Structure formats: C-alpha cells, structure tokens
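The values are calculated or read from the model by the stated rules, or taken from the named source; none is laboratory data. This structure is a prediction, so every number in the text was calculated from the model and none was measured. Note that each Cβ is placed from the backbone with ideal geometry, even for glycine, and that neighbours are counted across all protein chains shown. Accessible surface areas use protein heavy atoms only, side chains included; no ligands, DNA or RNA. Shrake-Rupley method; radii C 1.70, N 1.55, O 1.52, S 1.80 Å.
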Amino acid sequence: TMAAARKGVGLALEQATSSTLCYVADIQPGASAALHGGVDIGDKILFIDRQTVAGLSLSQVGARMAGPEGTYVQIGLVRTSSNLFGPDSEEHVEVSLCRGRHGNGQVSHVVGETAGMVQGTQPHSPPPHSHARESPTAGSGGMGGG
C-alpha cells in the first residue's frame with residue numbers, strides 16, 4: 001500500500017541492452033543527485049546499497065533506487081574518462097543520496113509563511129487596551145479638580 005510513497009533521487013536511467021549496466025541519462029534539476037553534485041550524466045550504475053545490479057533490467061534497477069522518502073541510498077558508479085593518449089580509464093565512485101529530498105523545500109516555505117502571519121497578529125492586539133486605560137484616568141482627573 002505504501003508503494004506510492006517511494007521516492008527516487010532524481011536520476012533518469014537508460015539501458016542500451018539487457019546485458020549492459022544502466023547509465024545516467026539525465027539528472028533532475030534541484031533533486032537530490034543534482035544537489036549532491038557527485039553524479040555525472042553517463043555514469044554507469046554498478047552497485048545499489050552495496051549489491052551489484054549487473055544483469056538486472058532497467059525497471060529492476062529503478063525499483064532498487066527508489067525507497068521511502070528521507071532514507072539514503074548508496075550508489076556505486078563506474079565513470080569512464082576518455083584519455084587523449086592511451087586507453088579509456090574507469091573510475092569507481094560511490095555516492096550516498098537522500099531519496100525525495102527535493103520535495104521538502106516547498107513545505108517548509110509554507111510553514112514559514114503561516115508562522116510569520118501568526119507573529120504579525122500578536123503585536124497589534126495590545127495597543128487598544130492601553131488606550132482604553134488612558135481615557136478613564138484623564139476623565140477622573142478632570143472630575144477631581146472640580
């Protein structure tokens with residue numbers, strides 16, 4: 001029943017063939033992966049939570065990437081750098097990303113607005129009472145003088 005609450009980290013994955021590793025095709029702006037900065041387009045997904053995803057289909061890899069909002073997923077990446085001289089070099093990178101982090105910004109913004117409105121109404125309520133106290137003393141003073 002909680003399947004709808006599963007969140008990803010803002011990575012769009014693609015897979016050339018069923019026997020190759022999935023790779024990062026796009027990174028959602030403002031999402032967890034983009035904010036982290038440790039994932040590049042073209043990185044291949046090798047591990048998710050320290051378990052190899054070699055041989056898994058694109059949908060299986062996507063399902064492992066997603067999880068409950070606020071939990072962390074560890075992704076092991078293979079980054080291929082092409083060198084001008086010599087063969088391409090492979091670099092292994094591991095990143096830890098929070099799932100669904102990017103959705104929380106709007107919530108705190110709304111809470112901040114309502115808190116500001118509540119604080120704004122409080123200072124305005126005391127002044128009418130202070131005015132009400134001043135007028136009777138002025139009136140009694142006038143009566144006492146007669």
Inset, instruction - Scan (1) outside any loop (DSSP other than H, G, I, E, B); (2) touching a residue at least 12 places away in the same chain (Cβ under 8 Å) for the single condition residue 19 breaks and write down its number. - result: (1)
Inset, instruction - Could you run through segment 12-27 and say how many residues are within 21 Å of residue 71 (Cα to Cα) and modelled with pLDDT under 95? - result: 0
Inset, instruction - Hey, could you check segment 61-80 for residues that are open to solvent by 40 Å² or more (accessible area, probe 1.4 Å) and either among the aromatic types (Phe, Trp, Tyr) or not in a loop (DSSP other than H, G, I, E, B) (or both) and say which is nearest to residue 98 (Cα to Cα)? - result: 72
Legend entry - Selection count, segment 37-60, where residues are open to solvent by 40 Å² or more (accessible area, probe 1.4 Å) and under 17 Å from the mean Cα position of the chain (by Cα): 1
Legend entry - Only listed residue being open to solvent by 40 Å² or more (accessible area, probe 1.4 Å) and aliphatic (A, V, I, L, M), chosen from 34, 25: 34
